[in-house]
1. Before we move on, is Val120 modelled with pLDDT of 90 or more, under 19 Å from Ala171 (Cβ atoms) and β-branched (Val, Ile, Thr)?
2. Quick check on region 117-158: of everything there that is hydrophobic (A, V, I, L, M, F, W, C) and free of Cβ contacts under 8 Å to residues at least 12 places away in the same chain, which residue is surrounded by the fewest Cβ atoms within 10 Å (Cβ to Cβ)?
3. Please work out which residue is farthest from Gly206 (Cα to Cα), limiting yourself to region 37-71 and to residues that are in a loop (DSSP other than H, G, I, E, B) and of a type in the set (Lys, Arg).
4. Pull up region 36-61, narrow it to residues that are among the aliphatic types (A, V, I, L, M) and buried (at least 20 other Cβ atoms within 10 Å of the Cβ), then point me to the one that is farthest from Ala220 (Cα to Cα).
5. I need the full set of residues from region 95-147 which are over 26 Å from Leu186 (Cβ atoms) and in contact with a strand residue (DSSP E or B) (Cβ under 7 Å, 6 or more places away or on another chain), in order please.
6. Suppose we filter Gln217, Gln240 for residues that are of a type in the set (S, T, N, Q), surrounded by fewer than 14 Cβ atoms within 10 Å (Cβ to Cβ) and over 20 Å from Leu61 (Cα atoms); which single one remains?
7. Looking at region 185-203 only, could you name the residues that are in a loop (DSSP other than H, G, I, E, B) and crowded, with 16+ Cβ neighbours inside 10 Å?
Amino acid sequence: MTNGQSVYSSSREPVVQLESVERVYHLAGEDIRAINGVTLDIWPGRMTAIVGRSGSGKTTLLNLIAGLDAPTQGTVRVLGRDMGQMSEQERLSLRLHHIGFIFQSFGLMPLLSASENVGVPLRMRKLDVHEREQRVAEALAWVGLTERAHHRPYELSGGEQQRVAIARALAADPALVLADEPTGQLDTRTGRRILDLLRRMVAERGVTLVIATHDPQVMAEADVIHELRDGRLVETRVKQGVAFPAR
């Protein structure tokens, strides 16, 4: 895999910028403020955790960053681009070429092998067969699953399925990876292994990683923690020794 995101990772600008972001849903005649006036920056080459109780707005925030949802008010900038000024096709292209996704439920297609699952985003990008196969093989080797390449999800453990999901995210060389409770369905020991792999992804690949989580292991490992409560950002904590460029 080439390290295509390294140019942006050396930038002195945040990968993600949220300014006074609100997301209001209208349900049964009532306004539900899922995100309420959030302003924060996510800096390149860091592991950032978005934490909070269920219903605090973590997943909504990830969806806004991914361009899968639009804020009711405020501005979301990703990789220097204002998501609100982009067409749906432009947002789709941004996700396809620059953003990787890791889900709690793994998100694998049950009838496809591990290697075929990893290759799905590359097929969507219409990469030629040789480059696609090379990237898939390298990504599976990176997560230690070369020997499981032809196994389908039901033949893999939960930890192995999540490693396939990580390989799928990495194969496209994203600048930004969004992970929604990536250890949520795993036991503590397996979750620790996945977390170690995610930390390697940041350290070795220069990826900017944003994790929505309530896992204490993830919170202990993260460089930055943004805590949400009822849709509001109530606290930001930075790990000792983690520095950020001056803006």
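1. Yes.
2. Filtering region 117-158 for residues that are hydrophobic (A, V, I, L, M, F, W, C) and free of Cβ contacts under 8 Å to residues at least 12 places away in the same chain, the one surrounded by the fewest Cβ atoms within 10 Å (Cβ to Cβ) comes out as Val129.
3. Among them, the one singled out is Arg53.
4. The qualifying residue farthest from Ala220 (Cα to Cα) is Val38.
5. His98
6. Gln240
7. Residues satisfying the conditions are Gln185, Leu186.
The values are calculated or read from the model by the stated rules, or taken from the named source; none is laboratory data. In this text, all values refer to a predicted model and were calculated from it rather than measured experimentally. Cβ atoms come from the backbone with ideal geometry, glycine included; neighbour counts cover every protein chain shown.
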